[in-house]
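Trainee: Here it is: the structure, laid out below.
The numbers here are math on the coordinates, done by the rules we state, and not lab data. What you see is a predicted model, and the numbers here were worked out from it, not measured in a lab. Cβ atoms come from the backbone with ideal geometry, glycine included; neighbour counts cover every protein chain shown.
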């Protein structure tokens, strides 16, 4: 699955980058440089999150919406709304 590989790559990049940010803080590097690198980590995590959401919408969510279980459909919609709320 290419999408899973893309998600893992983005998460591993964020993990590696975060380690570098931690080192920068420990070494008391210039705050603006640290902030810029921290924003880069956040961007990588946001990208991974968007990919995860797209995968979910195109698989689990789409399958639930095609089904006949109305309770499950409402639950799935609620989950998406909760995730949307948390991402703000």
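Trainee: Return yes when residue 35 is in a helix (DSSP H, G or I) and surrounded by fewer than 14 Cβ atoms within 10 Å (Cβ to Cβ) and no when it is not.
Mentor: Yes.
Trainee: Taking the options 62, 40, name whichever one is surrounded by 13 or more Cβ atoms within 10 Å (Cβ to Cβ) and closer than 26 Å to residue 85 by Cα.
Mentor: Criteria check complete, one pass: 40.
Trainee: Okay, moving on. Does segment 47-56 include one or more residues that are farther than 30 Å from residue 71 by Cα, out of contact with any strand residue (DSSP E or B) (no Cβ under 9 Å at 6 or more places or on another chain), surrounded by 12 or more Cβ atoms within 10 Å (Cβ to Cβ) and free of Cβ contacts under 8 Å to residues at least 40 places away in the same chain?
Mentor: yes
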